Amino acid sequence: MRTITRFLRRFLILLIVFVMGVAGTAFLMNNETTDDRSDMNNPTLPEVMVDFNGTLANRMYGYRQPMEADFVRDSVTPLDTTKKLTIAVNPYEEKIKSLSYEVRTSDGTKIVENRKVKSLDSSGSDGYLRAQIEISSGLLMNQEYSLQISLDTSDGEAYYYTRVVSRSSTNTEDYLKFASSFAQMCMDKNSADGLAAYLESAESSSTNFTAVTIQSPLSTISWGNLSPQISKKGIPVIKEINETTASISLEYEIKAANENGGAEYYNVTDFYRLRYTDTRIMLLDFQRSADQVFDPQQAVITDDGLLLGVRDKNVTMLSNEDGSVTAFTQEGALWTYAPDTGKFVDVFDFRRKSNGDFRDSRMEHDIKLLGINDSGDLDFMVYGYMNRGTYEGYCGVGIYHYDHDQNVVEERVFIPTSESFEFLKSDLGTLSYVNKDNQLFLLLAGRLYQINIDESSYDVLADNIDGNQFAVSATNAHAAWRISDGDQAGQVEFIDFDTLETRNATPDAGQSLRVLGFMNEDVVYGIVLDGDSLTDENGHTTDGITSIRIEGFDGTVKKEYHQDGYYITDVTVGSTLMQFNLSEKTGSSYTVKNKDNIMNNQAAAAKVVSAEQSSTTRQGVIVKLAFDNKPETDEPLILTAKMKNTGEKTVQLDVDKSQISNIYYVYAKGGLDSTWTDPAQAILHADSLTGVVLNRAQQYVWERGNMKTQLTLNTEDVPEIIRSGSWDKDVLQQGLGDSGTVIDLTGCSLENVLYEISAQRAVIAKTGADSSVVIVGYDQYNTWLLDPATGEVSPYGMNDSTALFQAAGNVFISYLDNQK
């Protein structure tokens, strides 16, 4: 009996163990199949470069969809007379089946040539594949074209973009080697001494590695006391190049040891503007920015706050109301920090923790913080190029939600675009707001979009919006714009994005309204009487505002400003201060007589965290986050958020930019600087930055430093309507027809407009109330002027020409040949 009892007891124990084992296994298996959290996928796309006789340049990253050619200008590739290019492909783990290429006009409207290359050479020792392409079509000199390179990979088609331009004697290889050598020489103090002759160094007691220039001390340019080494070697990217100068950008990573021997990593971008001479390369401009990759393992918690290290002082950050959680971005990554617990969460980061390369660390995206609650849950937007993950190779806008308790990031919606990060950043800089009903509001290409995140749909709330007459409030929760067409044209419309309520302000008879901006959540607009918008002799229009109103969304007038006898001009609106000039009308222009301002009396909310700068011996100027209270612990707890797999939720917007024609882009310092509607103002701005100006079709309108020393046009090649000397732009455009586009350069200097002559375009110049000449040539001492009445061409001294045109208001008109 005892034996039977013992047997039953053992049997029951084994049965229980078996049942628990089965249940546990089932539970684990069930968990495994239903757990929808994962790490972000590694990058898969190959890289493409141009090989200049063994020197690699113009690294291109792959896109998974064709892009709009006129909205991608990451690099410029010069072509010599052979029109041949060697393309190098780093396949990584991808299998490349074939390569094809397509050449289009720079506006993307016409295909010039397309071909396929079936065999790629894999004999190189670097593991790259190479293909040589030869463009047989006759490309115009000094005209950019878009080159699209397509790779047929094991994961589908991938697209790569650069601009090609036929230039003579560009000395490309010498420029590229100079940039790479300069960066390497800065790593060694002895070698760096050889760079002194290229610099314009001035004495400085401060070392700031985020803002190094050609005027910085050699000790700073050679990294002071940081003692770094290059950990990821960069490949030069040609941003601009012509017969006399080149602009080169070089991105690379450096590694330095901190006081405890820990490894610090920095992303570095060098910009070089160079000129080639018979004796040596001249360094015309040099700028460098270094930004530290945040690593909470490196003793970043101090009594004074959280050390972010070497970076720009403008920190994108957001704290919840009690300051228990602060979110901040650094080098393309999003972190949260809890001072009470020392808890860090790497919420979103394309950069891999190990075995990374330039594909995941590429900085062609940005992060905007949309909101944070008491629990630390966070809403944010990632926009630009997606380095890896579900949407690797796409450019667009992603809306994400981070759940603090579950430590998981959920993608709410993704909006792909066909323009590069440079252009997308310019568009999204105006408005991006998510309300409590999960509706996202964006202004793109003159359209106000409402994206319904939960439904993956969208509506267009307003169209044909003039960006100069559109403003958003401090929180982005309110916006106002002047309606440009339809029955309500001229009215100002206001919207509350949380409630979707709207109201309109209607001008009285004889008035027009101007949207000036917001002070906090209150709209600011001006009232202009008929006849008070004056166009001066330089062709520039100034609004003489009679009164300014500051209104709440409910229509309550918070303040109205008016000064008898004066017009309000040149208004700038900030969140706490509005400044303007008080002017008098003098003929066709306004003369400033006084200045005034309006202060915002609303008390600013107290900040629980602020960004501060301090100086150190080794790193120079660094940035820290200062909190109201001392952190409770200096021992970090570091977590990495998982991505929640919710399936693809995309919204494809119908963004039409074809109607936007009167746009001029200023490129300078290695990127897109700004956009303008006035070509003369664009040229003046580019001149101050030693940049270039391109139009909507990506044609060169103006280049700094690329003007021949002398040139005289054949007057028979000048369009007849231009030889007429008229400064009526409508008449000129009608005369040019579809062959060209008039550009008004009024306000530029004679020196500015001589570039147009160098580019084979005559310039009409006003010389008096009813007289003009046509500039058709120049040399060191003279301009060559055509008399419209007689057709005769004669020289006129350069100084006398300058004085003549200045006295007439520097009224210049030229044209661009339309692309064929």
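The values are calculated or read from the model by the stated rules, or taken from the named source; none is laboratory data. Note that the coordinates shown come from a computational prediction; the quantities given were computed from them, not determined experimentally. Positions of Cβ are generated from backbone atoms using ideal geometry, with glycine treated the same way; all protein chains shown enter the neighbour counts.
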Scanning the stretch 652-706 for residues that are farther than 30 Å from D459 by Cα and in a loop (DSSP other than H, G, I, E, B) gives K669, G670, D678, L689, T690, G691, Q698, Q699, R704, G705, N706
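Yes/no per residue for (1) within 30 Å of T81 (Cβ to Cβ); (2) in contact with a Phe, Trp or Tyr (Cβ under 6 Å, 6 or more places away or on another chain); (3) of a type outside the set (D, E, K, R):
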{"position": "S247", "(1), (2), (3)": "yes, no, yes"}
{"position": "G262", "(1), (2), (3)": "no, no, yes"}
{"position": "T269", "(1), (2), (3)": "no, no, yes"}
{"position": "D285", "(1), (2), (3)": "yes, no, no"}
{"position": "A290", "(1), (2), (3)": "no, yes, yes"}
{"position": "T302", "(1), (2), (3)": "no, no, yes"}
Can you tell which of D770, D738, D787 is more than 39 Å from the chain's Cα centre (by Cα), among the charged types (D, E, K, R) and surrounded by fewer than 14 Cβ atoms within 10 Å (Cβ to Cβ)?
-> D770
Restricting to the stretch 560-572, what's the tally of residues that are buried (at least 16 other Cβ atoms within 10 Å of the Cβ) and in a loop (DSSP other than H, G, I, E, B)?
-> 1
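Where residues in the stretch 316-364 are under 22 Å from the mean Cα position of the chain (by Cα) and β-branched (V, I, T), which of them is surrounded by the fewest Cβ atoms within 10 Å (Cβ to Cβ)? Give the steps one after another, and end with the answer.
Pass one, the stretch 316-364, residues under 22 Å from the mean Cα position of the chain (by Cα): 316-317, 328-334, 348-351, 358-364.
Filter once more, keeping what is β-branched (V, I, T): 316, 329.
Working: T316: 16, T329: 22.
In this case the residue turns out to be T316.
Return yes when S575 is touching a residue at least 24 places away in the same chain (Cβ under 8 Å), in the same structural domain as K425 (by TED's automatic domain parsing) and part of a loop (DSSP other than H, G, I, E, B) and no when it is not.
Details: touching a residue at least 24 places away in the same chain (Cβ under 8 Å): yes; in the same structural domain as K425 (by TED's automatic domain parsing): yes; part of a loop (DSSP other than H, G, I, E, B): yes.
So S575 fits the description; yes.
Determine whether S150 is under 29 Å from the mean Cα position of the chain (by Cα), touching a residue at least 24 places away in the same chain (Cβ under 8 Å) and closer than 24 Å to Q819 by Cα.
Details: under 29 Å from the mean Cα position of the chain (by Cα): yes; touching a residue at least 24 places away in the same chain (Cβ under 8 Å): yes; closer than 24 Å to Q819 by Cα: no.
No, not satisfied.
For the stretch 368-426, give me every one of the strands (runs of 3 or more DSSP E) that falls completely inside it and has 3 or more residues that are surrounded by fewer than 20 Cβ atoms within 10 Å (Cβ to Cβ).
408-417
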Of all strands (runs of 3 or more DSSP E) completely enclosed by the stretch 236-321, which ones contain at least 3 residues that are touching an Asp or Glu at 6+ places or on another chain (Cβ under 8 Å)?
-> 245-257, 263-276, 281-292
Test E455 against the criterion of being among the charged types (D, E, K, R), touching a helix residue (DSSP H, G or I) at 6+ places or on another chain (Cβ under 8 Å), outside the structural domain of G156 (by TED's automatic domain parsing) and at pLDDT below 95, and give yes or no.
-> no
Exclusive hit being buried (at least 19 other Cβ atoms within 10 Å of the Cβ), among the small types (G, A, S) and either assigned to a loop (DSSP other than H, G, I, E, B) or under 30 Å from the mean Cα position of the chain (by Cα) (or both), set A88, A131 | A88
Pull up the stretch 809-820, narrow it to residues that are surrounded by 17 or more Cβ atoms within 10 Å (Cβ to Cβ) and touching a strand residue (DSSP E or B) at 6+ places or on another chain (Cβ under 6 Å), then point me to the one that is modelled with the lowest pLDDT.
-> V811
Here are some conditions: (1) at positive phi; (2) in the same structural domain as I111 (by TED's automatic domain parsing). S227 meets all but one. Which one does it not meet?
-> (2)
Whichever residue in the stretch 578-606 is in a loop (DSSP other than H, G, I, E, B) and in contact (Cβ under 8 Å) with a residue 24 or more places away in the chain and, among such residues, is surrounded by the most Cβ atoms within 10 Å (Cβ to Cβ) | N600
If you go through the stretch 474-483 one residue at a time, do you hit one that is over 26 Å from the mean Cα position of the chain (by Cα) and in a loop (DSSP other than H, G, I, E, B)?
-> yes
So D155 fits all but one of (1) within 16 Å of K110 (Cα to Cα); (2) at pLDDT below 95; (3) of a type outside the set (S, T, Y); (4) in contact with an Asp or Glu (Cβ under 9 Å, 6 or more places away or on another chain); what number is the exception?
-> (1)
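Can you find a residue that is surrounded by fewer than 18 Cβ atoms within 10 Å (Cβ to Cβ) and either in the same structural domain as S216 (by TED's automatic domain parsing) or within 30 Å of the chain's Cα centre (by Cα) (or both) anywhere in the stretch 304-313? I'd like the intermediate steps shown before the answer.
Our first condition is that a residue be surrounded by fewer than 18 Cβ atoms within 10 Å (Cβ to Cβ); within the stretch 304-313, this holds for 304, 312-313.
Pick out the ones that are also either in the same structural domain as S216 (by TED's automatic domain parsing) or within 30 Å of the chain's Cα centre (by Cα) (or both) and you get 312-313.
Yes, that holds for at least one residue.
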Go through G747, G791, G725 for me and flag whichever is in contact (Cβ under 8 Å) with a residue 60 or more places away in the chain, touching a Ser or Thr at 6+ places or on another chain (Cβ under 7 Å) and assigned to a loop (DSSP other than H, G, I, E, B).
-> G725
Got a number for residues in the stretch 94-107 being out of contact with any Ser or Thr (no Cβ under 7 Å at 6 or more places or on another chain) and not in a strand (DSSP E or B)?
-> 1
Considering only the stretch 80-120, how many residues are more than 18 Å from F52 (Cα to Cα), in contact (Cβ under 8 Å) with a residue 24 or more places away in the chain and among the charged types (D, E, K, R)?
-> 9
In the stretch 692-735, which residue that is under 25 Å from the mean Cα position of the chain (by Cα) and either among the aromatic types (F, W, Y) or over 17 Å from Y667 (Cβ atoms) (or both) is surrounded by the most Cβ atoms within 10 Å (Cβ to Cβ)?
-> W702
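On the given criteria, is G544 assigned to a strand (DSSP E or B) and on the phi > 0 side of the Ramachandran plot?
Numbers: assigned to a strand (DSSP E or B): yes; on the phi > 0 side of the Ramachandran plot: no.
So G544 fails the test.
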Members of the stretch 196-207 that are under 22 Å from S615 (Cα atoms) and surrounded by fewer than 19 Cβ atoms within 10 Å (Cβ to Cβ) | S201, A202, E203, S204, S205, S206
Could you tell me which numbered condition S216 fails, if it satisfies all but one of (1) touching a strand residue (DSSP E or B) at 6+ places or on another chain (Cβ under 6 Å); (2) crowded, with 21+ Cβ neighbours inside 10 Å; (3) in a loop (DSSP other than H, G, I, E, B)?
-> (1)
For the stretch 43-78, which residues satisfy the criterion of being out of contact with any Cys (no Cβ under 8 Å at 6 or more places or on another chain), assigned to a strand (DSSP E or B) and either of a type in the set (F, W, Y) or modelled with pLDDT under 95 (or both)?
-> F52, Y61
Of all residues in the stretch 772-788, count the ones that are touching a residue at least 40 places away in the same chain (Cβ under 8 Å) and among the polar types (S, T, N, Q).
-> 2
